Amino acid sequence: MFAVVLLLIVSAFTFWIFSALPSDPAALTCGKNCRPEVIEANRERLGYDKPLVEQYGAYMKGIFAGRTYGEEGASVHCPAPSLGYSYDRHECVTSLIASTLPVTASIALGAFVLWMAIGVGLGTLAALKRGRWQDRLATGFSVVGVSFPTFFLGLMFIMIFVIWTGILPFPRYTGITENPVDWFMALILPWFVLALISAATYVRMTRNGILEVMNEEFVRLGIAKGLPRKRLIVTYVMRAALVPIVTIAGLDFAFLLGGALVTESIFNLPGLGKLTLAAVVNSDLPILVATTMVAAVFIVIANAVVDVLYGYLDPRVRVK
Amino acid sequence: MTLLSVRDLNVTFGTPEGDVRAVQGVSFDIEPGETVAIVGESGSGKSVTANSLLRLNFGADVRISGEILLEGRDVLTMTEDEVRSVRGSDMAMIFQDPLTALNPFYTVGRQIGEAYAIHHPGATKKELREIALNSLEKVGIPEPLKRVDQYPHEFSGGMRQRIVIAMALVNNPKILIADEPTTALDVTVQAQILELIAEMQAQHGSAVILITHDLGVVAEITERVMVMYAGRVVESASVENTFAVPTHPYTRGLLKSVKSLDTARHERLEPIPGTPPSLIKLPSGCPFHPRCAFADSLGGRCSSEAPELRIVGSSRSACHLPDERLLGLMGGAS
């Protein structure tokens, strides 16, 4: 319930903030040498002359009922849920998002699995081998990882794996249903780029979390009970250390679902991030409003899911 | 055979500031079923001694020497697996803070069952539940059927300590090590927990090693007292002698610094002057001499020569003062 209210507030705020921008959506509808009368006429046609509240109302209505843009004779109907119409691309925003979302979801999911495996795996190893070379290697990796910018790592990967060695073809996105092998080949590099950079933080979090839990009294009691080390590490230490990590991971994943702008651009992946970036360049407001809201929806949903998950993982916050 | 025999135990922690000599030359015996208290201030080495018995001293640089003979087998030379089989079965431990000692993620029933299952690999789930229920009932948890499936945070501090005790006793240990079992509890609950420990001891016939800084706790349930100071045992005596005829100036100081019903109205509490010494830079000779009111009377001996434990009356004391003065310590001669 709270999540719905939050989404309403987010959508209103997004709508308002983009309308406050100095760029004039009506002016963008016709070319460079546009006469003021045409702009005014277009403004009226598109409804940008109406008060903001009314515009917002029409927008919200469109989400649930669909909406027809333009005037009779040259109108376009976008069925519900309509998130607007891009005059720049001459397409319904919803269908633009629908075609880009699977790409971003593919990127996010693969990267997430990889980074959790690398981050938690290396972090655990570092904590268990504290002070030894494994620890130094893992913490070294995490320092290097966080300091690399995405674009640098992405370009390096393309250079090494595509241009120099030719191990991989230049990434060209193909849907998983069309050709899973091509899909995988196109995504493997972006997955690793995103995973390595995020994993760096998770190595640290996991390592510190585990070391902290190891000092807990209940872990000492576990040892005093005679628990074998492996069982102690898994059922006592990891169990406790992973709770906060799951929470943060959920939010990070949702954030990634909102579009990986830089990575998608470098690897030429037609995802939400690239759509957003293009919209920024072209001042395509309807798309910007929509992608912002989609990203917000993901964050809000992730928050709710994490809350439920947290209660499941930690009996102390379980609601009775 | 002596149940537990500790011989010349030394524990040193290496730190960047220098070596911390936490325990030095501690020796004692525990007989089956007896209750022994180890008393001392924080930093006296009492908890380190207790932890050593189960090899629970962790840290990057811990050095332990000496012998800890459990029925003739040296705990310090055992393999990891052998120590593990001793932990929780031959020797079980009760920790100070029951609020943090239980695993917050599992039900108390599961944790008690687990303590049993570790040392009885064949036990079925049904048996474990039965055992958990019985244990809860034995330590006085009301409504065990409902409580067994609850999590630690749903219990009060006193209740949690009962659960920790139940868990410690589930394998009928020969020795129960209680490290400040009542320190973190409300005063009203403390007596109940001590009573429970005494009761359980009577039922199970376990020996109890009670670590505490609270002389009131000592008087309540123990038979023998070892007083530790700066990592050494300075006095070892029966509980009656400890209170009536302390044979070490430090023990005397402890007794004079707490109020009891015997303290006459005009009598003032006498705090021990100074603070416990740093374990990195221990004073030369007797570690207590900088705070001792009697040190000057012996010339420079106290600051040059560390006293060994010797028999004084029916107690044992590590002090250079002559026997007759040690036996008359409480007689007001200060």
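The values are calculated or read from the model by the stated rules, or taken from the named source; none is laboratory data. Note that the structure is predicted; figures quoted are calculated from it, not measured. Positions of Cβ are backbone-derived with ideal geometry, glycine not excepted, and every protein chain shown enters the neighbour counts. Quick note on the areas: whole protein, heavy atoms, side chains included, nothing else; ligands and nucleic acids left out. Shrake-Rupley method; radii C 1.70, N 1.55, O 1.52, S 1.80 Å.
Observations, loosely collected:
- Computed label-point distance, nm, for sites B:GLU240 and B:GLU305 using a 7 Å Cα→Cβ extension: 3.3
- Projected label distance in nm at A:PHE151 and A:ARG318, using a 7 Å step from Cα toward the beta-carbon: 5.0
- The value of relative contact order for chain A, using C-alpha pairs under 8 Å at least six residues apart, is 21 percent.
- For the stretch A:97-317, the residue among A:PHE255, A:LEU187, A:SER198 whose Cα projects farthest onto the positive side of the dipole built from Cβ charges is A:SER198.
- FRET efficiency for A:VAL113 and B:VAL258, using Cβ-Cβ distance with R0 set to 60 Å, rounded to 0.05: 0.45
- Threshold 40 Å², the stretch A:185-229 residues less accessible with all protein chains present than alone (1.4 Å probe): A:GLU217, A:PHE218, A:ARG220, A:LEU221, A:ILE223, A:ALA224, A:LYS225, A:GLY226
- Look at the dipole of the protein assembly as shown built from charges on Cβ: of B:ILE221, A:ASN42, A:GLY66, the Cα furthest out on the positive end belongs to A:ASN42.
- The packing ranking, built from the mean of other Cβ atoms within 10 Å per residue, places the peptides B:12-19, A:232-239 in the order A:232-239, B:12-19, highest first.
- Whole-Hz Karplus values for the stretch B:153-158 come out as 5, 8, 10, 7, x, x Hz, taken residue by residue from phi with 6.51 cos²θ - 1.76 cosθ + 1.60 and θ = phi - 60°; glycine and proline positions read x.
- Within the stretch B:183-273, the percentage of alpha carbon pairs spaced more than 16 angstrom apart rounds to 61%.
- In this simple spin-label approximation, A:TRP133 and A:ASN179 carry label points 7 Å from Cα along the Cα→Cβ vector, and these lie 4.3 nm apart.
- For the stretch B:1-124, the solvent-accessible area with a 1.4 angstrom probe is 37 square angstrom per residue.
- B/A buried area, accessible surface, summed, 1.4 Å probe, Å²: 2400
- Estimated FRET transfer efficiency when R0 is 56 angstrom, pair B:ASP81-A:SER99 (beta carbons, to 0.05): 0.40
- Share of carbon and sulfur in the accessible heavy-atom surface of the protein assembly as shown [1.4 Å probe, %]: 60
- The charge dipole of the stretch B:4-222, taken about the Cα centre with unit charges on the Cβ atoms of Lys, Arg (+1) and Asp, Glu (-1), comes to about 600 debye, rounded to the nearest 20.
- Computed from the C-beta positions of A:ASP307 and B:ASP8 and an R0 of 60 Å, the FRET efficiency is 0.60 to the nearest 0.05.
- Solvent-accessible area per residue in the stretch A:2-82 equals 66 Å², computed with a 1.4 angstrom probe and all protein chains kept.
- Overall, the anisotropy analysis places chain A in the prolate class: the square-rooted eigenvalues a ≥ b ≥ c of its C-alpha gyration tensor yield a/c not less than 1.5, with a/b exceeding b/c.
- For chain A, size of Cβ-based charge dipole, Lys and Arg +1, Asp and Glu -1, in debye: 1840
- Straight-distance candidates among the lysines for linking to B:LYS174, with alpha-carbon spacing under 16 Å and chain neighbours fewer than 8 residues away dropped: A:LYS225.
- B:THR15 long-range amide H proximity, modeled H, under 5 Å: B:VAL20
- Of the trypsin sites (Lys or Arg not before Pro) found in the stretch A:113-202, the ones in coil according to DSSP and having at most 16 other Cβ atoms within 10 Å of their Cβ are A:LYS129, A:ARG130, A:ARG132, A:ARG172.
- Using a cutoff of 8 angstrom between alpha carbon atoms and counting only pairs six or more residues apart, the relative contact order for chain B works out to 19 percent.
- Charge dipole (debye, nearest 20) of the stretch B:228-327; +1 at Cβ of Lys and Arg, -1 at Cβ of Asp and Glu: 260
- Where the stretch B:226-303 is the region considered: accessible area per residue in Å², 1.4 Å probe: 51
- Exposed-loop-free span, longest in chain A, where GluC sites (Glu not before Pro) count as exposed if DSSP calls them loop and at most 11 other C-beta atoms lie within 10 Å: A:179-320
- Of the trypsin sites (Lys or Arg not before Pro) found in the stretch B:207-266, the ones in coil according to DSSP and having at most 11 other Cβ atoms within 10 Å of their Cβ are B:LYS259, B:ARG265.
- Hits among lysines - C-alpha to C-alpha of A:LYS230 under 20 Å, sequence gap 8 or more where chains match: A:LYS129
- Relative contact order (%) - the stretch A:127-185, alpha-carbon pairs under 8 angstrom, separation at least six: 15
- From the alpha carbon centroid of the stretch A:251-277 to that of the stretch B:50-128 is 51 Å.
- Rounded to 10°, Cα long-axis angle of helix A:52-65 versus longest principal axis of chain A: 70
- Going from the isolated chain to the complete set of protein chains, the stretch B:65-100 loses at least 10 Å² of heavy-atom accessible area (1.4 Å probe) at B:ARG84, B:ARG87, B:GLY88, B:MET93, B:PHE95, B:THR100.
- Taken residue by residue and averaged, Cβ atoms of other chains lying within 10 Å of the Cβ of B:102-108 number 5.
- Here the protein assembly as shown carries DSSP beta bridges of which approximately 65% are antiparallel, counting only pairs with both residues inside.
- Prolate/oblate/rounded call for the stretch A:195-277, Cα gyration tensor, a/c under 1.5 rounded: prolate
- In the elastic network of chain A, a GNM with C-alpha springs shorter than 10 Å, the most mobile of A:GLY62, A:GLY154, A:GLY84 is A:GLY62.
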